[in-house]
Amino acid sequence: MLQEPAEGVVTAMSQALEAETVAQDLARQLIHPYLGFVLFFCSAEYDLEALGHALQQYFGGVRLVGCTSAGEITPQGYGRNCVSAVGFDHRSFSIASALVDEMDRFGLIDAQQLVERLVQDCRVNSLAPIKGHSFALTLLDGLSSREEVVLAALGAAFGSIPHFGGSAADDNHLKHTHVYYEGQFHAGAAVVVLFNTCLDFEVFSTHHMLPGSEKLVVTAVDSTSRRVYELNAEPAAAVYARLIGVSLEDLDYRVFAAHPLAVRIGEQHYVRSIQRVNADLSLSFYCAVENGIVLTAMRTGPLLPNLESLFQRLQEKLGPPLLTIGCDCFLRRLEIEEDAEAVARTSAVLRQQRVIGFNSYGEQFNGMHINQTFTGVAIGRRGHNGGH
């Protein structure tokens, strides 16, 4: 029985272990006569080559884009070791996508040509003017260390088109992350998707971090590898451990999640999450760090109230959501998982707000690469008199 989309989107998930069964599951839930595009997020535990082939086989001519994750956000809330997906009706959404297969060689001219191509592809469907009715999604290889370069070029090329995204992850292994495009999973690559629609939407980013008074200056760094050797002219890990009051041996991802550092730009603080401690007491980061930047010590505030107030604001503007695409930092997920009740409560909110998405190794918001945020787009239902 083909599911007819009520208002332009159909969501789906599969917890099957075999690639072919996953593709069958998703096809059964998503395929209908007006299906134009599918976006999905999957655990890195799957046989990715087999999954890529099976999806292409079962979805025929429908374009699919996706990436590997560190946890999935499904129609039921948080999931693990599964695939979460959303299908878009081409009567409500005109969608174009492109692959950036060499992130390290991607510059402004490449970005301008790519965005021009996406805009032309979206115009073919002539749903709505591009300006004011379009947003873009970027899915980047989360271990490429090239996110900032790609985002700076894309940010300039997109101009007034709002954009957001997430860095592909691999279930917290930090080894191999992939994006999916045209039947294959790619490493060291990025996928850029342009959505054009008559529906109201808002691209957003929120975090629950509160600034402390302590400041650290980066005094020795290898910017290319995002490795900080010294903070305040002392070994970075020793300074950080002393600042938060733990021993060097106790530094792990849970400590990093609870005690991030951030760079202040204007009135906003943007988190720079620590990835790991190295043997020489240097710290590797998920985001770009430069010599001389001042990092502010942050602490975690209440996560769920922050999320609820975001959704309340979005609902006041857009009405009840048709769909929210969410990129949720994996460090937030780890923090929530410390408390089983928090998992259930957060899942309920995500379900209610119709969030489909994934836990990422970093988020992107209007050309910036950030950490420990919940970033995405909320799309309103047809007929609600909101604005952009």
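The values are calculated or read from the model by the stated rules, or taken from the named source; none is laboratory data. Just so you know, these numbers come straight off a predicted model, no measurement behind them. Note that we place each Cβ from the backbone using ideal geometry, even for glycine, and neighbour counts take in every protein chain shown. We work out accessible area using only protein heavy atoms, side chains counted, and drop any ligands, DNA or RNA first. Shrake-Rupley method; radii C 1.70, N 1.55, O 1.52, S 1.80 Å.
Any chance you could count how many residues in region 67-107 are open to solvent by 20 Å² or more (accessible area, probe 1.4 Å) and at positive phi?
Qualifying residue count, region 67-107: 1.
Out of all the residues in region 289-307, which are of a type outside the set (S, T, N, Q) and over 19 Å from the mean Cα position of the chain (by Cα)?
Correct list: VAL289, GLU290, GLY292, ILE293, VAL294, LEU295, ALA297, MET298, ARG299, GLY301, PRO302, PRO305.
Please go through region 200-215 and give me each residue that is open to solvent by less than 30 Å² (accessible area, probe 1.4 Å), among the aliphatic types (A, V, I, L, M) and at pLDDT below 95, ordered by number.
MET209, the sole residue that qualifies.
For region 95-119, which residues satisfy the criterion of being free of Cβ contacts under 8 Å to residues at least 24 places away in the same chain and of a type in the set (S, T, N, Q)?
GLN113, the sole residue that qualifies.
Residues are listed down the side, and each one gets a yes or a no for (1) among the hydroxyl-bearing types (Ser, Thr, Tyr); (2) surrounded by 20 or more Cβ atoms within 10 Å (Cβ to Cβ); (3) part of a strand (DSSP E or B); (4) free of Cβ contacts under 8 Å to residues at least 24 places away in the same chain:
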site	(1), (2), (3), (4)
CYS122	no, yes, no, no
ILE130	no, no, no, no
GLU148	no, no, no, no
ASP171	no, no, no, no
LEU174	no, no, no, no
VAL191	no, yes, yes, no
VAL218	no, yes, yes, no
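Within region 360-379, how many residues turn out to be in a strand (DSSP E or B) and either open to solvent by 10 Å² or more (accessible area, probe 1.4 Å) or not hydrophobic (A, V, I, L, M, F, W, C) (or both)?
8
Of everything in region 154-169, what is open to solvent by less than 10 Å² (accessible area, probe 1.4 Å) and among the aliphatic types (A, V, I, L, M)? Give them in sequence order.
LEU154, ALA168, ALA169
Of all residues in region 106-161, which are farther than 23 Å from ARG91 by Cβ and small (Gly, Ala, Ser)?
Across region 106-161, the qualifying residues are GLY107, ALA111, GLY142, SER144, SER145, ALA152, ALA153, GLY155, ALA156, ALA157, GLY159, SER160.
For region 235-251, enumerate the residues that are of a type outside the set (A, V, I, L, M) and either in contact with a Pro (Cβ under 6 Å, 6 or more places away or on another chain) or buried (at least 16 other Cβ atoms within 10 Å of the Cβ) (or both).
Scanning region 235-251 gives PRO235, TYR240.
Within region 334-359, can you find the residues that are of a type in the set (D, E, K, R), outside any helix (DSSP H, G or I) and under 26 Å from GLN275 (Cα atoms)?
GLU337, GLU338, ASP339
Find the residue count for region 220-234, including only residues that are of a type in the set (Val, Ile, Thr) and crowded, with 16+ Cβ neighbours inside 10 Å.
Qualifying residue count, region 220-234: 2.
Taking the criterion of being open to solvent by 60 Å² or more (accessible area, probe 1.4 Å), out of contact with any Asp or Glu (no Cβ under 9 Å at 6 or more places or on another chain) and assigned to a helix (DSSP H, G or I), would at least one residue in region 252-260 satisfy it?
Taking every residue of region 252-260 in turn, at least one turns out to be open to solvent by 60 Å² or more (accessible area, probe 1.4 Å), out of contact with any Asp or Glu (no Cβ under 9 Å at 6 or more places or on another chain) and assigned to a helix (DSSP H, G or I).
Would you point out which residue out of ALA262, ALA236, ALA297 is closer than 22 Å to LEU140 by Cα and modelled with pLDDT of 90 or more?
Going through ALA262, ALA236, ALA297 in turn, just one is closer than 22 Å to LEU140 by Cα and modelled with pLDDT of 90 or more: ALA262.
Looking at (1) polar (S, T, N, Q); (2) under 30 Å from ALA233 (Cβ atoms); (3) in a strand (DSSP E or B), find the lone condition where ASN291 falls short.
Every condition holds for ASN291 apart from (3).
List the residue pairs whose Cβ atoms are under 7 Å apart, where the first residue sits in region 46-68 and is under 20 Å from ASN81 (Cα atoms), the second is open to solvent by less than 80 Å² (accessible area, probe 1.4 Å) and acidic (Asp, Glu), and the two are 6 or more positions apart or on different chains.
Close Cβ pairs satisfying both conditions: THR68/ASP170.
What pairs can you find where one residue is in region 197-213 and assigned to a strand (DSSP E or B), the other is open to solvent by 30 Å² or more (accessible area, probe 1.4 Å) and of a type in the set (Ser, Thr, Tyr), and their Cβ atoms are less than 7 Å apart, with a gap of 6+ or different chains?
Sorted first by the residue in region 197-213, then by its partner, the pairs are MET209/THR300.
Hey, among SER160, SER126, SER167, which residue is under 30 Å from LEU243 (Cα atoms) and either small (Gly, Ala, Ser) or outside any strand (DSSP E or B) (or both)?
SER167
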